[in-house]
Amino acid sequence: GAYALFFKPKPAAAPVVQEKKEEPPKPTTEPSKLTGLEVPIGTNENPIIGVMIENSPDARPQAGLKDAGVVFEAVAEGGITRFLALFLDSRPDYVGPVRSVRPYYLQWLQAFDAPISHAGGSNEAKDKISRERIPDLDHGANGSYYQRVSNRYAPHNLYTNMQRLLELSKNKGFAGNGTKSLARKAEAPAATPTARTINLSISSPLYNVSYAYDPATNSYLRSMGGSPHTDERSGEQIKPKVVVALAMTKGIAANGIHTTYGAIGSGTVFIFQDGVVTQGTWTKPSDTEQFTFADAAGAPIALNPGQTWFSVVSLVSSVTFAP
């Protein structure tokens, strides 16, 4: 009895059950290196692809511009503007009309480490592509990746699509891993917009551009030549999230035909986003460096995620806006 009283073994302690911690789900999206929008993981492994798109009256309305992540708009020759459209997030199956390239479009392209789709170009542009080994998707050497449509006359009838260009780019080994992205920020629509209408005098009335701020989507409805600028197939009006007007010196090339721009250096910039405008300075130190922007106090300016449209003007006075 004494043994049972004093030496009774203590019951074994209950085992401690460790609760299994659930790992947070792995992200399925990441910011696009082109637009800053959230895109599926793996999208950024593809190269950004640039396409030269025509803007003469016979080329309107164009196909694919509404899907581009970034667009540069400038005069190619004789006051006629042309677009460099950059794609990554979307793959439209109909893009064009594709036209020739100029050196300054390549200077804007190079910071994105992107191949260029085009139909020929000025001698200076073709020399630059060859000399600097810019990834080249020229129609002349890669005709099977393009098509001539029957509802338009040449040279306004050359089209392609992003799946073809992506395939061609990969076949040529263009990785596009050196992209320098534009600085982006979160959207912050103004409670009281101060720049609801924008007017950009780029060349002549046929090519001048206006925008109307749409607070419902925090974007800008684009018009050109006095009419809404629409997509060829869908009929949708183009509406970038950010409009950037770059003031650059403009001249004429030695051949007396093609336009030239002071595309490297710095100058005045107007950035329209969130219903307001910020005037400041653009800086681009070299062909392969990306644009940066600073306000009047020298503070950096970042851009909203989404389609960003750059228009080049030759005078600061060519940019007007109103509340």
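The values are calculated or read from the model by the stated rules, or taken from the named source; none is laboratory data. Only a predicted model underlies this, so the values are computations on that prediction, with no experimental measurement involved. Neighbour counts run over all protein chains shown; Cβ positions are idealised from the backbone, glycine included. For accessibility, only protein heavy atoms count, side chains too; no ligands or nucleic acids. Shrake-Rupley method; radii C 1.70, N 1.55, O 1.52, S 1.80 Å.
Applying the selection to the range 138-182, what residues are among the polar types (S, T, N, Q), in contact with an Asp or Glu (Cβ under 9 Å, 6 or more places away or on another chain), closer than 19 Å to residue 70 by Cβ and crowded, with 16+ Cβ neighbours inside 10 Å?
Across the range 138-182, the qualifying residues are 161, 179.
Quick one: is residue 127 assigned to a helix (DSSP H, G or I), surrounded by fewer than 17 Cβ atoms within 10 Å (Cβ to Cβ) and at pLDDT 95 or above?
Considered against the rule, which asks whether it is assigned to a helix (DSSP H, G or I), surrounded by fewer than 17 Cβ atoms within 10 Å (Cβ to Cβ) and at pLDDT 95 or above, residue 127 comes out as yes.
Answer yes if at least one residue in the range 108-119 is in a loop (DSSP other than H, G, I, E, B), in contact with a helix residue (DSSP H, G or I) (Cβ under 6 Å, 6 or more places away or on another chain) and at pLDDT 95 or above, and no otherwise.
Yes, the range 108-119 contains at least one residue that is in a loop (DSSP other than H, G, I, E, B), in contact with a helix residue (DSSP H, G or I) (Cβ under 6 Å, 6 or more places away or on another chain) and at pLDDT 95 or above.
Hey, among 129, 202, 198, 134, which residue is touching a Phe, Trp or Tyr at 6+ places or on another chain (Cβ under 8 Å) and among the hydrophobic types (A, V, I, L, M, F, W, C)?
The match here is 198.
Open to solvent by less than 40 Å² (accessible area, probe 1.4 Å) and over 22 Å from residue 101 (Cβ atoms): does that describe residue 275?
yes
A quick yes/no check of all residues on (1) under 25 Å from residue 140 (Cβ atoms); (2) open to solvent by 20 Å² or more (accessible area, probe 1.4 Å); (3) of a type in the set (Gly, Ala, Ser):
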{"position": "39", "(1), (2), (3)": "no, no, no"}
{"position": "63", "(1), (2), (3)": "yes, no, yes"}
{"position": "71", "(1), (2), (3)": "yes, no, no"}
{"position": "76", "(1), (2), (3)": "yes, no, yes"}
{"position": "86", "(1), (2), (3)": "yes, no, no"}
{"position": "110", "(1), (2), (3)": "yes, yes, no"}
{"position": "113", "(1), (2), (3)": "yes, yes, no"}
{"position": "117", "(1), (2), (3)": "yes, no, yes"}
{"position": "123", "(1), (2), (3)": "yes, yes, no"}
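Out of all the residues in the range 203-216, which are closer than 18 Å to residue 271 by Cβ and either among the hydroxyl-bearing types (Ser, Thr, Tyr) or buried (at least 20 other Cβ atoms within 10 Å of the Cβ) (or both)?
Across the range 203-216, the qualifying residues are 209, 210, 211, 213.
Cβ-Cβ distance below 7 Å, separation of 6 or more or different chains: which pairs start in the range 153-180 with a residue that is within 26 Å of residue 288 (Cβ to Cβ) and free of Cβ contacts under 8 Å to residues at least 24 places away in the same chain and end on one that is open to solvent by less than 50 Å² (accessible area, probe 1.4 Å) and not in a loop (DSSP other than H, G, I, E, B)?
As it stands, the answer is none, since no pair meets every condition given.
If you take just the strands (runs of 3 or more DSSP E) that sit entirely in the range 23-93, which of them hold at least 1 residues that are hydrophobic (A, V, I, L, M, F, W, C) and at pLDDT 95 or above?
38-40, 49-54, 70-77, 80-87
Could you tell me how many of the residues in the range 183-202 are open to solvent by 70 Å² or more (accessible area, probe 1.4 Å) and closer than 19 Å to residue 306 by Cα?
4
This table checks each residue for (1) out of contact with any Leu (no Cβ under 9 Å at 6 or more places or on another chain); (2) modelled with pLDDT of 95 or more; (3) open to solvent by less than 60 Å² (accessible area, probe 1.4 Å).
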residue	(1), (2), (3)
224	no, yes, yes
228	no, yes, no
238	no, yes, yes
257	yes, no, no
283	yes, yes, yes
291	no, yes, yes
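Residue 83 - would you say it is under 18 Å from residue 314 (Cα atoms) and aromatic (Phe, Trp, Tyr)?
Yes, satisfied.
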